[in-house]
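> Can you read through this structure? Questions will come right after.
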């Protein structure tokens, strides 16, 4: 019913009120928050004067510390200072333990998900990320002097459904209203303002601390169309550090590194990497079991340590270009994003592959947050003349498990989102009332080689003879890249209920419990928050429906109009009270009564959208 | 849903893709969920569904085979891929020969020459079938529509061969 907002996006109920919105780059190594003020997007500094906040959370018995102070404590308390938690988002316990032996944490199996034992008990990656998000949101609301209406959070384009959902859950836990999950490369393209008059194909090479993304976009008159995206959600600057640590360990002769020593070497490795990005040689002291060693590393040695990793990113570039159906000659510009693109070998390799000098004019550490802020400002409704359209794609194919452990693809990778695809299933037993679906994400043919997303159990199928029931299952991926599934029996029209068991994620109930049990929300706060949420939703519905009536009352019969107006006045009265359940009921009722009206308006406005087009053409 | 109606373009096989693209962007500019970030939950859901429909419609009209199938579906003709077997022995022979040619590529001393040859053959056959398809669909008569369905099934084999050829070429390059 927000169709009025489509036509005139500026005409909301309070057109002059500037809403506070922020863009958050939740990075592996560093996180940033940015906003648009007086038309300019820039990153925000915290009380200590920093805009880059290390994505590190320290759990002490009596408090939680985020950022620089947590880094400082890391050597003394490695097990309680959580670094690079982004790499653990949406990941299982078994796979993490198998891959992350180097990390100094006490991993815990939380119903298949990975979590970490800390001084404040078991914390999962969603909770750790929520601490970082809350810190950044705090910086923003303090700087801007008010509560944030909404935020845009960036994720690597290559993040799968579980990783995206985990990010959204973290925001929910931090009490933030997520306007959109935005892919990092798309945010970077926005920040470069590549829409301003520039047209053509752009490649965004994004090498962060823990993730690598390559996206190929076509820009045309404000449309940012992602043609293909690829990458590796577990490859980044951290791996450069680990390569250096391995070399350091060889030099030290220590067969195994204790946690503290490992943390020490990791910090030294980071320093070496940074120094060798500016200089050809770096000399340093390496602490060892018997004192210390005076060592030096040359740029050339460093290059050969990381060469295999860089080559891996170039291979991904090649594949993604192929997916886009393009050659390097057709790529007009290459944008560099992420702190790891400061490494000279990376720049040379990318420049050579695309045969063009990569763009680095915006700080590669800040460009993503700036882009997110620009989009947040548009989404929250501050910029009514925004003429950008972001068309993103799904990075990895979605499929279903079929007989013999094979995967049948339903939505192939690089399909433009939102997308909905339906598939029909039938029962194979008389009177069968339930069935189970296993959804996977990935490009390989075998179930074992793809990533398990969730198992869906369909129940309440009307009992019929075998093969009699035809269940139409619709897989829908929204603009955030998140999957939802609905099912309907075709002949009876009965909607089958679905229970979702995420393979590497939290169920809605678990998230709700986490919110309730988190220290930040005492029981009363929690109820206040739920009430507030319903009131906000109620006012959205009231505004939207009122605007719709004002614009399109001619689509309604007199009786229909009367019924809607009554529902609206009830909604208004109820929403001023503090009965959360009653508000929700009034919202549901209003929605139900206006469903048909909304559908009519949608059809009507599709016709109008194109009619306007025809008039323009003539 | 009639995709041609949605984009207000003529319901025919021969389509102006530039015009289709313009209409598509026009609709997405209005219905992309980003326009509904501040809307109520129900409206946001509606917008996602609408935008998904528009994407699906565009996807179907952009590609000649899907467009032809959609056109036939609107005329009440189903393709029924699996049920019907081919009686055209000439076509089957041709397919077998092409498959053999593809199979030979990795073992050849000059694989790229074979790739070029296969590509040319596939392209030629494909174009000729696409031409026939356009003609059959233009007639807009039931008899010709059934022929068109047959041609679509044949074309699928060529598209598949082309895809396999691309994979072979990629493997060679890697």
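> When a footprinting reagent is the concern and you count Cβ atoms within 10 Å, what order do A:336, B:93, A:464, A:52 take, fewest first?
On the way: A:336 24, B:93 10, A:464 18, A:52 21.
Fewest to most other Cβ atoms nearby, the residues stand as B:93, A:464, A:52, A:336.
> While we're here: How high is the FRET efficiency between residue A:356 and residue B:164 when r is their beta carbon distance and R₀ equals 41 Å, given to the nearest 0.05? All intermediate terms of the calculation are to be shown ahead of the outcome.
Details: r = 33 Å, r/R0 = 0.79.
Between residue A:356 and residue B:164 the formula returns 0.80.
> Short version: what are the Cα gyration tensor semi-axes of region A:368-442, square root of 5 times each eigenvalue, largest first, in whole Å? Each step should come with its number before you reach the end.
Values: eigenvalues 312, 46, 21 Å².
Taking √(5λ) for each Cα gyration eigenvalue gives 40, 15, 10 Å.
> Placing one identical point scatterer on every Cα of region A:173-306 and ignoring solvent, what is log10 I(q)/I(0) from the Debye formula at q = 0.12, 0.14, 0.18, 0.19 Å⁻¹?
Log10 of I(q)/I(0), two decimals: -0.67, -0.78, -0.97, -1.02.
> How many partner chain Cβ atoms sit within 10 Å of a residue's Cβ in peptide A:479-486, on average, as a whole number?
Details: counts 10, 2, 0, 0, 0, 2, 0, 0.
Counting other chains' Cβ atoms within 10 Å and averaging over A:479-486 gives 2.
> Based on the alpha-carbon gyration tensor of chain A and its eigenvalue square roots a ≥ b ≥ c, which shape applies: rounded if a/c is under 1.5, prolate if not and a/b is larger than b/c, or oblate? Show your work: numbers first, answer last.
On the way: a/c = 1.58, a/b = 1.51, b/c = 1.04.
Because a/c hits 1.5 or more and a/b exceeds b/c, chain A counts as prolate.
> Let's test the formula: R0 of 22 Å, r as the Cβ-Cβ distance of residue A:17 and residue A:550. What FRET efficiency results, to the nearest 0.05?
Once rounded, the FRET efficiency stands at 0.65.
> Tell me, Kirkwood radius of region A:101-212 from alpha-carbon pair distances, in Å? Can you show the working numbers first?
Numbers: mean 1/r = 0.0611 Å⁻¹.
About 16.4 Å, per the Kirkwood formula over Cα pairs.
> Can you tell me the length gained on complete extension of the stretch residue A:329 to residue A:482, counting 0.36 nm per residue apart and subtracting the Cα distance?
Numbers: separation 153, 0.36 × 153 = 55.08 nm, distance 3.36 nm.
Length gained, residue A:329 through residue A:482: 51.7 nm.
> Can I ask one more? Hey, could you get me the Stokes-Einstein D for region A:72-153, Kirkwood radius over alpha-carbon pairs, 20 °C and 1.002 mPa s, rounded to whole µm² s⁻¹? It would help to have the intermediate numbers written out before the result.
Numbers: Rh = 14.2 Å.
Diffusion coefficient, whole number: 151 µm²/s.
> For region B:1-152, list log₁₀ I(q)/I(0) at each q in 0.14, 0.17, 0.19 Å⁻¹, using the Debye formula over Cα point scatterers of equal strength and ignoring solvent, two decimals each.
Taken in order of the listed q values, log10 I(q)/I(0) reads -0.85, -1.01, -1.11.
> Let me understand region A:9-90 better: what is its radius of gyration from the alpha carbons, and its Dmax, in angstrom?
Rg then Dmax for region A:9-90, in Å: 17.0, 55.
> Now, a different point. Using the Kirkwood radius over C-alpha pairs as Rh, can you work out the diffusion coefficient of region B:60-150 via Stokes-Einstein at 20 °C, viscosity 1.002 mPa s, in µm² per second?
After rounding, the answer is 142 µm²/s.
> Please quote Rg/Rh for region B:14-68 to two decimal places, taking the Kirkwood radius as Rh and restricting both calculations to Cα atoms.
On the way: Rg = 13.0 Å, Rh = 12.0 Å.
Rounded to two decimals, Rg over Rh is 1.08.
> Also, quick follow-up: What order, most packed first, do the peptides B:120-126, A:232-238 have when packing is the mean number of other Cβ atoms within 10 Å of each residue?
Values: B:120-126: 15.3, A:232-238: 23.1.
Descending packing order for the listed peptides: A:232-238, B:120-126.
> Let me ask another. I need B:40, A:141, A:397 ordered by Cβ neighbour count within 10 Å, fewest first.
Details: B:40 26, A:141 15, A:397 19.
If I rank by nearby Cβ atoms, fewest first, I get A:141, A:397, B:40.
> Report the relative contact order of region B:47-162, percent, no decimals, based on alpha-carbon pairs under 8 angstrom and at least 6 residues apart. Walk me through the numbers before you get to the answer.
Details: 63 pairs, mean separation 35.0, N = 116.
Once divided by the residue count of region B:47-162, the mean separation gives 30 percent.
> Rounded to the nearest 10 degrees, what's the angle between the helix A:161-173 long axis and the longest principal axis of chain A, both from Cα atoms, 0 to 90?
80 degrees
> Stretch residue B:132-residue B:59 to full length: gain in nm at 0.36 nm per residue minus the Cα-Cα span? The partial results should precede the final answer.
On the way: separation 73, 0.36 × 73 = 26.28 nm, distance 2.26 nm.
Once the chain is fully extended between residue B:132 and residue B:59, it gains 24.0 nm.
> Rank these for me by crowding, A:449, A:438, going from fewest to most other beta carbons within 10 Å. Show your work: numbers first, answer last.
On the way: A:449 12, A:438 19.
Fewest-to-most ranking of A:449, A:438: A:449, A:438.
> Run the quick spin-label model on residue B:93 and residue A:596: label points 7 Å from Cα toward the beta carbon, then report their separation in nm to one decimal.
Modelled inter-label distance: 6.4 nm.
> Could you bin all the Cα-Cα distances of region A:404-490 into 10 Å bins starting at 0 and give me the percent of pairs in each, rounded to whole numbers?
All Cα pairs considered, the percentages come to 16, 43, 32, 9.
> Using only Cα atoms and rounding to the nearest 10 degrees, what angle (0 to 90) does helix A:523-552 make with the longest principal axis of chain A?
It works out to around 50 degrees.
> Report, to the nearest 10°, how far helix A:259-278 tilts away from the longest principal axis of the Cα atoms in chain A, using its own Cα long axis and a range of 0 to 90°.
Here the helix axis deviates by roughly 90 degrees.
> Moving to a separate point now. Using Cα pairs closer than 8 Å and at least 6 residues apart in sequence, work out the relative contact order for chain A, in percent. Show your work: numbers first, answer last.
Numbers: 1200 pairs, mean separation 84.4, N = 618.
Relative contact order here is 14 percent.
> Please give the Cα centre distance for region A:407-459 versus region A:136-206, rounded to the nearest Å.
29 Å
> Once you have all Cα-Cα distances for region A:260-305, histogram them in 5 Å bins from zero and send the whole-percent values.
Each 5 Å bin holds this share of Cα pairs: 5, 21, 29, 25, 14, 5, 0.
> Output the relative contact order of region A:281-371, whole-number percent, from Cα pairs under 8 angstrom with separation of 6+ residues. Spell out each step's value before the answer.
Numbers: 70 pairs, mean separation 19.9, N = 91.
Computed over region A:281-371, the figure is 22 percent.
> May I have the pair-distance distribution P(r) for region A:292-379, computed from all Cα-Cα distances with 10 Å bins from 0 and rounded to whole percent?
14, 36, 32, 13, 4, 1
No lab work stands behind these numbers, since they all come straight from the coordinates. This is a predicted model, so every value here is computed, not measured. Heads up, the Cβs are rebuilt from the backbone with ideal geometry, glycines too, and the neighbour counts pull from every protein chain shown.
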